[in-house]
Amino acid sequence: MKRKTSLIMVLMLLSMIIPTYSFADHHGLLIDGSPSGGFVEMHAGKNLIPVAYVARAANANIMWNSAERKTTIMYEGDEIVLTIGQMNAMVNGMSVALDHAPVILNGRTMVSEMFIKDIMGFEITMEGMSLNVIIPKALPDIVDTAVGAGSFNTLAAALEAADLIGALKGEGPFTVFAPTDEAFAKLPEGTVENLLKPENKDMLVDILTYHVVAGEVTSADVVNLSSATMLNGDDVSIKVENGGVMVNDANVIAVDIMASNGVIHVIDTVILPPN
């Protein structure tokens, strides 16, 4: 009888020391609507997600340190360190509180929805019996955004002729006041064809860089400006009239088209630098 009592006491002590998890319920894990092969486990009213599947889909580098029981995720320049059983994550050296400590299940680090949404920045929706983790796609750069819009074909051709595509695909940020194809068509007949000739490259570069500001200037910023210095070194005038914005003699007809390296505002007239 004494031995039986001692065994019960040992089991009770172990239950206090070793955390137990009841993963009775689980459902599928979708990544951008496609089955990932992983499962979401339910514990204490929270959905726990195997972070390895999400990291892999996001092209993040994930590493496991078994000695320290730490999972490190490198994603878009951020270092995120999770320690199993601790209620915080280290994000670029700063501690961020978690609503559920990471745990290991079936050899994988499991994290809560809060971690996936608030720290990694991904959206989560419920679809039937599966959680769907939606990973935002990276914005295209300014050049690809303009080309994809389909209304800046002349601008794209001019950028190529001026050898400016590489520059506008750079880190930036840049603000481009982009003339539409119709804006280029308003120039005197033969002007565009003449500018695209190799011997007129310097003139074309001057005109195109007169449409670009170094830095990101959104519409909220533009309305507070009276002028701006463009990439070619010349200034443009900026006026707010009748609820609209004019850059020199061009009307801004669409604003805040965001790109990975800046922003595009659409104008209806090609603006020409001062002689």
### Message
Condition first: within 31 Å of the chain's Cα centre (by Cα), farther than 22 Å from G170 by Cβ and of a type in the set (S, T, N, Q). Now tell me which residues in the range 227-252 satisfy that.
### Response
S227, N251
### Task
Check off (1) surrounded by 21 or more Cβ atoms within 10 Å (Cβ to Cβ); (2) more than 25 Å from the chain's Cα centre (by Cα); (3) among the hydrophobic types (A, V, I, L, M, F, W, C) for F184 and give me the number that stays unchecked.
(1)
### Message
I'd like the residue in the range 63-77 that is under 19 Å from the mean Cα position of the chain (by Cα) and at pLDDT 90 or above and, out of all such residues, is farthest from E127 (Cα to Cα).
### Response
M74
### Message
Can you name every one of the helices (runs of 4 or more DSSP H) wholly within the range 170-275 that holds 2 or more residues which are among the aliphatic types (A, V, I, L, M) and in contact (Cβ under 8 Å) with a residue 40 or more places away in the chain?
### Response
201-209
### Task
Assess whether I253 counts as being surrounded by 13 or more Cβ atoms within 10 Å (Cβ to Cβ) and in contact with a His (Cβ under 8 Å, 6 or more places away or on another chain).
no
### Summary
Of (1) closer than 20 Å to P273 by Cα; (2) exposed (fewer than 14 other Cβ atoms within 10 Å of the Cβ); (3) in contact (Cβ under 8 Å) with a residue 12 or more places away in the chain, A138 satisfies every one except (1)
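The values are calculated or read from the model by the stated rules, or taken from the named source; none is laboratory data. Only a predicted model underlies this, so the values are computations on that prediction, with no experimental measurement involved. When we count neighbours, we look across all protein chains shown, and the Cβ atoms used for this are built from the backbone with ideal geometry, even at glycine.
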